[in-house]
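Participant: Could you have a look at this structure, given as structure tokens, before my questions?
Read-outs: derived from the displayed coordinates by stated rules, not from any lab. Because the structure is a prediction, the values reported are computed rather than measured. Using ideal geometry, Cβ is built from the backbone for each residue, glycine included, and neighbour counts are taken over all protein chains shown.
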Amino acid sequence: MKTNYYQSQDLKKFKNISDWSPELGKKFFDYYNSVFEEGALTAREKSLIALAVAHTVQCPYCIDAYTQEGLQRGIDKAEMMEAVHVAGAIRGGASLVHGVQMMEGYNKRSM
């Protein structure tokens with residue numbers, strides 16, 4: 001019995017997601033790989049963005065993958081942590097800005 005739901009070795013099996021739907025799997029991986037090609041942003045910049053997003057969506061597989069990729073691209077721990085803090089600030093701000101809806105609703109109903 002597994003002790004954790006997420007198993008780091010499962011990340012290596014991601015490519016197998018196409019096994020049950022080869023056509024859609026191919027379309028996804030073609031898109032995914034093209035997104036991470038050099039463009040207006042460098043592959044290094046995209047790796048940092050992916051790391052921050054991985055924390056925002058709380059995907060342990062992605063966190064592992066983009067931490068490893070970041071190390072391979074020469075991204076240091078300070079840069080990684082700064083990216084994580086950017087993600088945290090955006091996520092926290094998104095929660096707080098919805099407080100405006102609560103405040104408006106409260107004001108309307110309490111008058």
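Participant: Check Ala83, Ala94, Ala89 and return the single one that is in a helix (DSSP H, G or I) and touching a residue at least 24 places away in the same chain (Cβ under 8 Å).
Facilitator: The conditions single out Ala83.
Participant: So Ser34 clears everything in (1) of a type in the set (S, T, N, Q); (2) surrounded by 10 or more Cβ atoms within 10 Å (Cβ to Cβ); (3) free of Cβ contacts under 8 Å to residues at least 12 places away in the same chain except one condition, right? Which one?
Facilitator: (2)
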